[in-house]
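Okay, structure first, notes after.
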Amino acid sequence: MSRDHFQLTAVAALPDSRLRLSYADGQAFEVDLGEWIATTAFLHPLKDAALFAQARIGFAGRSVEWIEDELDLSADNLRNLAIEQAGGIGHERIWNWLHETGLTLEQAATALGISRRMLIYYRDGEKPIPRSIWLACLGWEAVRPKGESLPRQIPTAREYAAMHA
């Protein structure tokens, strides 16, 4: 499987702790690292604008690095963050949903009404996750259907809170 969608081809440091990222699949993103830098001790050195400006592509295009072998961020995490900041649904949401629900790929694909292969595309970030698929994940969480049958009604906010108390 090709992971070109996570291989960086260009990185440019921008003002205000932002990066412009270009990937081998032709996609380009702008990502704001300000919050990560402010809240993550490991990234605090990047508060120094001169150091931040030294951003460059890391080994094999799989990361952005500032200090070799000491300070870098992975290309897939940066892409996920950029997608989320642009209002999209990052692939890590599917990873987390699968982990939290304990569903297998087969079970999850059946629950969402999609093929196993399509779910893998979404999970691996190879295809953008449609809003309807993420809403289906949230809906499944809300009702936790048993077996093949879907519930006839969605619980109220109070019922949902009581189920998860």
**Fill in**
Computed about the Cα centre, the charge dipole of the chain from +1 Lys/Arg and -1 Asp/Glu charges at the Cβ has a magnitude in debye, to the nearest 20, of 760 debye
**Fill in**
Amide H neighbours of Thr9 at under 5 Å, excluding residues fewer than 5 places away on the same chain, with H built from the backbone geometry, are Ser22, Tyr23, Ala24
**Message:** Give me, ordered by chain and number, the residues 5 or more places off Gly58 or on other chains with an amide H under 5 Å from its own placed amide H.
**Reply:** Ser63, Val64, Glu65
**Prompt:** If you plug each phi of segment 31-45 into the Karplus form 6.51 cos²θ - 1.76 cosθ + 1.60 with θ = phi - 60°, what whole-Hz ³J(HN,Hα) values come out, in order, with x for Gly and Pro?
**Reply:** 10, 9, 9, x, 5, 4, 5, 5, 10, 10, 4, 4, 9, 3, x
**Complete:** The Cα extents of the chain along the principal axes, largest first and rounded to whole Å, are 58, 37, 24
**Request:** Apply 1/(1 + (r/R0)^6) to the Cβ-Cβ distance of Ala142 and Gln85, taking R0 = 35 Å, and write down the FRET efficiency to the nearest 0.05.
**Result:** 0.85
**Zone residues, segment 57-80, relative to Ala50, backbone N less than 19 Å from point 7 Å out along Cα-to-Cβ** = 66-68, 71
**Asked** Ranked highest first by average number of other Cβ atoms within 10 Å, how do 40-48, 28-36 line up?
**Response** 28-36, 40-48
**Message:** If I model a spin label at Thr39 and Arg18 as a point 7 Å from the Cα along the Cα→Cβ vector, what separation in nanometres do I get?
**Reply:** 2.0 nm
**Fill in**
Phi-derived 3J(HN,Hα) across segment 111-122 with the Karplus relation (6.51, -1.76, 1.60, θ = phi - 60°), rounded Hz, x for Gly and Pro, is 4, 8, x, 10, 6, 4, 4, 5, 4, 5, 4, 5
**Prompt:** Which values, in whole Å and largest first, are the semi-axes of the equivalent ellipsoid of segment 4-85 obtained as the square root of 5 times each eigenvalue of the Cα gyration tensor?
**Reply:** 19, 14, 11
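Every number in this text was worked out from the coordinates using simple rules, so none of it is lab data. Since the model is a prediction, treat every value here as computed from it, not as a measurement. For neighbour counting, all protein chains shown are included, and Cβ atoms are generated from backbone atoms with ideal geometry for every residue, glycine included.
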